[in-house]
1. Only Cα pairs under 8 Å and at least 6 apart count here; give the relative contact order of the range 41-272 as a rounded whole percent.
2. Taking 8 Å as the Cα distance limit and 6 or more residues as the minimum spacing, I'd like the relative contact order of the range 202-244 as a percentage.
3. Hey, what D do you get for the range 20-75 in µm²/s if you plug the Kirkwood alpha-carbon radius into Stokes-Einstein at 37 °C and 0.692 mPa s?
4. Sorted by average packing, counted as other Cβ atoms within 10 angstrom per residue and highest first, what order do 148-160, 219-231, 334-346 take?
5. Return the whole-Å distance between the Cα centroid of the range 33-65 and the Cα centroid of the range 338-371.
6. Bin by bin, in steps of 10 Å, what percent of the Cα pairs in the range 1-150 do you find, going until the bin that has the longest distance?
7. Which longest uninterrupted range of the chain lacks any GluC sites (Glu not before Pro) assigned by DSSP to a loop state (not H, G, I, E or B) and surrounded by at most 13 other Cβ atoms within 10 Å?
8. Just to confirm a number: summing +1 for Lys and Arg and -1 for Asp and Glu over residues other than ASP297 whose beta-carbon lies under 14 angstrom from that of ASP297, what do you get?
Amino acid sequence: MRWIEEELKRIKEANLYRERILLEGVKDFCSNDYLGLRKHPEVVEESIRVLKEAGLGSGASQLVSGYTKHHRELEEKLAEFKGTESCVLFGSGFLANVGTIPALVEEGDLVLSDELNHASIIDGVRLSKAQKRVFKHKDYEELEEFLKKNRKKFRRVLIITDTVFSMDGDVADLKRLTQICEEYDCMLYIDEAHTTGTIGKGGLDYFGIEHKEYIIVMGTLSKALGSYGAFVCGTKLLIDYLVNKARSLIFSTSLPPSVCAGAKKAIEIIEENPKLIEFLRKKEKEILEILEQFSLDYKYYSTPIIPIMVYDEKETVRIKEELLKEGVFIQAIRYPTVPKGKARLRLTASLNYTRKDLEFLKNALEKVLKGRA
Ligand SMILES: Cc1ncc(COP(=O)(O)O)c(C=O)c1O
């Protein structure tokens, strides 16, 4: 097994070595718990209630005996929330993407995928055996040009995009993409992991687009909903089809019922408190006010993902470690999560942060960035 040692050495030399960090005694400024619902008393209470009633695990896959009223109720709530006919749950966002994409396209079909799409989309496309073409980030002109020339060569075409991009925080233009899909008879697959509950109920809601049968809405329970797991929303026909075809759903144990109940409560809280999203925008602005005080190259697109671009891998890790010594955790994101030479600190906004927390962040940045050009 010497090869493992050598491979790890190579990763270290490239400043790409990864370690998990136990977050004890440090403040987390990079989680995806954007709305602070993970520890919301009502979410926790509802989850405990169902945990006591239904037990820890679900006991089986959805198609054996692991489909309870808690799964069904969450699916119904999600379908209503996303404005679609139906919904099906998956064990995680990764499982949703690697299960759904190969069920939708196969040999003879084409996938058109934004270059900044999440790794689980990339793997889902690889598993599908469909032909893949990656288009430049949000370059819909290139996409359209390609379809104009090549659409007829393929049977089914699936356009895939994150709605809010996970490492950049910008938003795909779903208006333009739906127009393209309608003109060229394509399916549209939107990954709403970082969209659900951050810029509205989702991308369709944000752009004022009604759900149509060719739109497949994937999302996770693990980010703003503060839980774990994922879902695909769409027509009843699509969902019935996925229940029969998506291997990661068929051959994997379903979510624990208590996790479903907690996620459903989180959606109800968002529905009852539409101002939460406004509060999140305000929190983002408070963070920007801090960042403005330093000469930092950050990006902001009115979403809670605020990457601070450092570019150099080594320097990104150095800053992350210095901040950690000050009690502030902002993860360094490097290749292969982002392209080489585009390393960054992925700072996120969350309703968890108090004024004191932000003051703490500012002081830590002041100490660590002092003297940096
Ligand atoms: C855009 C996107 N899709 C899918 C996933 C995978 O979701 P999960 O963490 O639930 O597996 C993530 C999470 O990291 C993501 O950012």
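Nothing in this text is a laboratory measurement; each read-out follows from the coordinates by a stated rule. Nothing here was measured: the structure is a model prediction, and the numbers come from that model. With ideal geometry, Cβ positions are generated from the backbone for all residues, glycine too; neighbour counts draw on all protein chains shown.
1. 33 percent.
2. 28 percent
3. Once the numbers are plugged in, D ends up at 233 µm²/s.
4. Taking the mean over residues of other Cβ atoms within 10 Å, the ranking is 219-231, 334-346, 148-160.
5. 31 Å
6. All Cα pairs considered, the percentages come to 8, 19, 30, 26, 15, 1.
7. 116-209
8. Numbers: positive: LYS299, LYS342, ARG344, ARG346, ARG372; negative: ASP168, GLU292, ASP312, GLU315.
Local net charge: +1.
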